[in-house]
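Remarks on the structure that follows.
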Amino acid sequence: NLLPSDTVKGVSGKMVKFNTTLDTSQGYLTLSWNFVVKGEGINILTATQKTVKIVDAYKDRVKVNETTGMMELGPLTAADSGNYQLTVVTMDVVTLTGDTDLEVLGECTLSHWTFKTTVMTSKHFYFYFYSIFCLPLLCHR
């Protein structure tokens, strides 16, 4: 598989990277990324060693590393969740594929803050110590 992970997680409004295990030391004829909807691949970009063509819908949202095939997508929206497929045709005309699912999480917010004050005294001074505790983050879809 050209993609090291079955699932990639990203946060709404941020960028996400789709890393690859592609070895392009021998070069490739074509490299393409598709977003799969209902079994049909919607082309995001197609690259050769000389050109990269990004479809208009993704033009300002996608970058690709032409050496590794790594694609960066963002800023993410909930509509970006789904299956992504990488297809590479090698110089020996062998087709390699890989796919991964993207899960887009909502912005993370702090669920609860707790403040604790400790007062210590000596003959002439009061010392105040403040501790701040944060409970787990909540992520909303």
Met15 - accessible surface, heavy atoms, 1.4 Å probe, Å² rounded to 10
90
Let me check something: with ligands and nucleic acids excluded, how do Ile42, Ile54 order by accessible area (1.4 Å probe), largest to smallest?
Ile42, Ile54
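Select from the stretch 13-113 those GluC sites (Glu not before Pro) which occupy a DSSP coil region and have at most 12 other Cβ atoms within 10 Å, ordered by residue number. Kindly include the intermediate steps, with their values, before the conclusion.
On the way: sites: Glu40, Glu66, Glu72, Glu103, Glu107; in loops: Glu66, Glu107.
Hits after loop and neighbour filter: Glu107.
Suppose R0 equals 30 Å. What FRET efficiency, 1/(1 + (r/R0)^6) with r the Cβ-Cβ distance, do Thr68 and Leu105 give to the nearest 0.05?
Numbers: r = 25 Å, r/R0 = 0.84.
The computed FRET efficiency comes out at 0.75.
The values are calculated or read from the model by the stated rules, or taken from the named source; none is laboratory data. No experiment lies behind these values; they were computed from the predicted model shown. Counting neighbours? That spans all protein chains shown, and the Cβs are built from the backbone with ideal geometry, glycine included. Protein only, heavy atoms only, side chains kept; ligands, DNA and RNA dropped before computing areas. Shrake-Rupley method; radii C 1.70, N 1.55, O 1.52, S 1.80 Å.
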